[in-house]
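No lab work stands behind these numbers, since they all come straight from the coordinates. Fair warning: this is a prediction, and the values are worked out from it, not measured in the lab. Every residue, glycine as well, gets a Cβ built from its backbone with ideal geometry; the counts of neighbours run over all protein chains shown.
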Amino acid sequence: MDIKDKVLVVTGGGSGIGETVARELAAKGAKVFIGDINQTAIDKVVADIKAAGGSAAGTTVDVHNEEQVKALFAKAAETFGSVNIVVPCAGIIRDGLMINTDKETGKVRKTMPLADFESVININLTGTFLTLREAAAIMVDNGWEGVLFTISSVNKIGQVGQMNYSATKAAVGMWPKLLSGEFHMKNISGIRVVGIAPGYVGTPMLTGMNQDALAAILKDVHIGRLIEPREIADLMMYVVNNEAIDGTTIEITGGVTFGPRQIAK
Ligand SMILES: NC(=O)c1ccc[n+]([C@@H]2O[C@H](COP(=O)([O-])OP(=O)(O)OC[C@H]3O[C@@H](n4cnc5c(N)ncnc54)[C@H](O)[C@@H]3O)[C@@H](O)[C@H]2O)c1
């Protein structure tokens, strides 16, 4: 599928990976509709894309709010006449152990607050569900073709301290298989579903992470650096152009090993 003149709807498009996907696909000729909880961030990205000669618009949305997600797609369709590429990038982390024990007494001194667990589930999992559901509904009803993405993570395999986050990323990493299977069963052709599972990408999200933990993790990344958001956007453009990629989740990790480096013998 050629990206030119296709309509991209990207949630979390005000920052990080979503922002870069919006800018890069706009530069390739896509019409970009941004949904984010942060209006100031939307305004900046939209203004920059327009200043560079691209087409962009946006609206505030809380991806956990069903009515707002419905409205997001209605507005995108009204503004640009279609919906073709959907990238649900809105996401958060609230890392922590389920129970923290006191070094001296060995007794539990702190537990993961329910709000930290639920907010990650609400935005990363339920928000992605609502985004994909509304996208698929409007695309199927109008016969619009394209690609639905999910944004998983290399931490889908289970990262200690991310009981909430890893659970959401494991789930959305599985969904491309389930959804493309569902579309196949119902003879819905022309809408592919592809997951992207990045390793550690240089975005504001990582500034919210425990920096000691991040430094330790980077020692186990073969390329020895954070992935650039542009490298994620490049992979998405490749996926859009290549119809054979469907019903799967692709890792882009820079070679994360998640273990002690082997000592050469
Ligand atoms: N940065 C990484 O290393 C990395 C790695 C793997 C996966 N991911 C995933 O990529 C996605 C984007 O991450 P990022 O690093 O670009 O993060 P980011 O913090 O830079 O951007 C996230 C965006 O989501 C928006 N947002 C938050 N809550 C929202 C809500 N309820 N409704 C609408 N918008 C909301 C924020 O305002 C922000 O603009 C996330 O799903 C994240 O889990 C990131």
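Here residue 134 meets each of (1) within 16 Å of the ligand (Cβ to nearest atom); (2) charged (D, E, K, R); (3) outside any helix (DSSP H, G or I) with one exception, condition (3).
There is no residue in region 59-78 that is closer than 23 Å to residue 200 by Cα, among the hydroxyl-bearing types (Ser, Thr, Tyr) and within 11 Å of the ligand (Cβ to nearest atom).
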